[in-house]
Amino acid sequence: MVLLEIRLGIAGTAKNTGKTTATAAIMEELRARGVDFFLTSIGYDGENIDNVTGLPKPKLRVEPGDVVATAEKCLKVSTAGLSLLQATNIQTPLGRIHVARVTASGLVVTAGPNKSTEVRELAGILTRLGPGATIFDGALNRIAPMVETDGFILATGASRTPDIPRLAQETGVIWRLSTLPAVPRAVALAEKNLTQVTLLDADLDEIKTWPLSSLLTERDVDQVLAEPMAKYSYLYVPGVVGERAMKALADRLAEKPRPFLLAFADPVKLLVSGNPVTYYELLEAVERGGAVAGVVKRVPLLAVTINPFYPEYRVESKAYKPAFVDFVRLQVAVRNSVKVPVYNVVKEGAKGLVDIILANARRWENPDAMTF
């Protein structure tokens, strides 16, 4: 029997897009297959009532044997029976994160780490418990730490916007940004552990570094482009290239094209840099100026889940009421915009999703095993 593990992110584009429903369906399908999983989140995501709409939100139900990593105060308000396995040193506004095994069925509130380093630390702790899927429940506006996952599922829907063409366009752009290719010699570049914006030649020898981790302003861009760049040189940016800087880069390259590799640390840095649609248009303009964009570490979008529901504000009652877009139109539009599977887990369940998750899993290696 091959023991597998995967670190999975589940990111919602907005409240009420079905992220919690998708997570619950994945958990249920993993249980049905006898696959262990560890549930946690990036930040806090456990309201009983949506603060904006006043509508109830689904909560995650856990069963005996499940393992949860959440903040101390969340353990106290969860209705499930929980047995403490380990208290970590990871601090959150709701207390230290504890790892607990479920002893009695009930609902759980998850609050996890907010930083990439803490996500990596917690993932290492959970790996030592054994093989299985570690599920990081999160949201697009706090997706940055998901760089530590092996891939993510995007939950979107009409609650993001009931404008179906616009929603499909945005989903397609998120898919394109998340599937940028790895730059040549990505592994060797990653091993250099660069923390500043760096220009390297085709052999990865450093030419110049700047005291910047990100490019945020026009001045940052002008500093970098003042340096001569040979063909096939790398411009590595460990942080983000902000929307303003990306526009400046596109404008400068339109005036004076030059071929080089624009190497981002990972696609997550692109997803947090601005409006996805606008940002992708600017990135295309940069590439028309000769640059070739790629990433050092890939964090692929594995699948998309869609939800036709959205909370509609009714003026006459001064309250939000449930509303729905046409599901068939939504499904067709989103499927035509991406090249990954698209699901409605309420109608279809999570069998296909879990097939994809396990197909992307790797062999679990016991980190505590002795090697000779």
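The values are calculated or read from the model by the stated rules, or taken from the named source; none is laboratory data. These numbers were taken from a predicted model, which means no experiment stands behind them. Methodologically, a virtual Cβ is constructed for each residue, glycine included, from the backbone with ideal geometry; neighbour enumeration extends over all protein chains shown. Remember, those area values only see protein heavy atoms, side chains included, never the ligands or the DNA or RNA. Shrake-Rupley method; radii C 1.70, N 1.55, O 1.52, S 1.80 Å.
Couple of notes before you dig in:
- Signed unit charges on C-beta, dipole axis of region 193-340, positive-most listed residue Pro257, Leu271, Ala245: Leu271
- For region 177-253, the normalised intensity computed at q = 0.19, 0.27 Å⁻¹ comes to -0.86, -1.44 (log10 of I(q)/I(0), Debye sum over alpha carbons, equal scatterers, no solvent).
- Three-way shape call for region 252-325 based on the alpha-carbon gyration tensor, with the a/c threshold at 1.5: prolate
- Over region 194-307, relative contact order from alpha-carbon pairs under 8 Å, at least 6 apart, %: 24 percent
- Each 10 Å bin from 0 upward holds the following percent of the Cα-Cα pairs of region 230-295: 24, 59, 17, 0.
- Enclosed volume per residue, in Å³, of the convex hull spanned by Cα atoms of region 164-318: 140 Å³
- Value of Rg/Rh across region 71-149 [Cα atoms, Kirkwood radius]: 0.94
- Protection proxy ranking of 340-349, 4-13 - average other beta-carbon atoms within 10 Å, highest first: 4-13, 340-349
- Each 5 Å bin from zero up to the one holding the largest Cα-Cα distance in region 155-218 carries the following percent of pairs: 3, 13, 15, 14, 13, 11, 11, 10, 7, 2.
- Accessible-area composition of the chain, carbon plus sulfur, in percent [1.4 Å probe]: 51 percent
- Rh by Kirkwood over Cα pairs, then Stokes-Einstein D for the chain at 1.306 mPa s and 10 °C, µm²/s: 72 µm²/s
- For region 210-276, the relative contact order is 40 percent, taking Cα pairs closer than 8 Å that sit 6 or more residues apart in sequence and dividing their mean separation by the residue count.
- Amide hydrogen neighbours beyond the local backbone of Leu60, cut-off 5 Å, H modeled: Val108
- Rounded D (µm²/s) - region 110-174, Kirkwood Rh over Cα pairs, Stokes-Einstein at 10 °C, 1.306 mPa s: 116 µm²/s
- The H on the amide N of Ala323, modeled in the peptide plane, is under 5 Å from the matching H of Tyr310, Glu312, each at least 5 residues off or on a different chain.
- Taking amide H atoms as placed 1.01 Å from N in the peptide plane, the amide H of Gly81 lies under 5 Å from those of Thr103, Ala104, Ser105, each 5 or more residues away in sequence or on another chain.
- Highest to lowest packing among 117-127, 184-194, scored as the average C-beta count within 10 Å: 117-127, 184-194
- Value of Rg/Rh across region 77-219 [Cα atoms, Kirkwood radius]: 1.04
- Rounded to 5, percent antiparallel among DSSP beta bridges of the chain: 45 percent
- Under the Karplus curve 6.51 cos²θ - 1.76 cosθ + 1.60, θ = phi - 60°, whole-Hz ³J(HN,Hα) for region 185-193, x wherever Gly or Pro sits: 6, 4, 4, 5, 5, 4, 5, 6, 6
- Ordering of 297-306, 162-171, 222-231 by packing is 297-306, 162-171, 222-231, highest average first (other Cβ atoms within 10 Å, averaged per residue).
- The phi torsions of region 171-180, fed into the Karplus equation with coefficients 6.51, -1.76 and 1.60 and a -60° offset, translate into couplings of 4, x, 5, 4, 4, 5, 5, 6, 10, 4 Hz, rounded to whole numbers, with Gly and Pro shown as x.
- In Å, descending, principal axis extents of the Cα set of region 317-372: 70, 31, 18
- Per the Debye calculation on region 249-372 with a single equal scatterer at every Cα and no solvent contribution, log₁₀ I(q)/I(0) for q = 0.17, 0.20 Å⁻¹ amounts to -1.05, -1.17.
- The chain: relative contact order as a whole-number percent, Cα under 8 Å and 6+ apart: 22 percent
- Using θ = phi - 60° in the Karplus curve 6.51 cos²θ - 1.76 cosθ + 1.60, the 3J(HN,Hα) couplings for region 252-260 round to 5, 6, 5, 6, 9, x, 7, x, 7 Hz; x is entered for Gly and Pro.
- A crude spin-label estimate for the pair Asp368 and Val187, with each label 7 Å from Cα along the Cβ direction, gives 3.0 nm.
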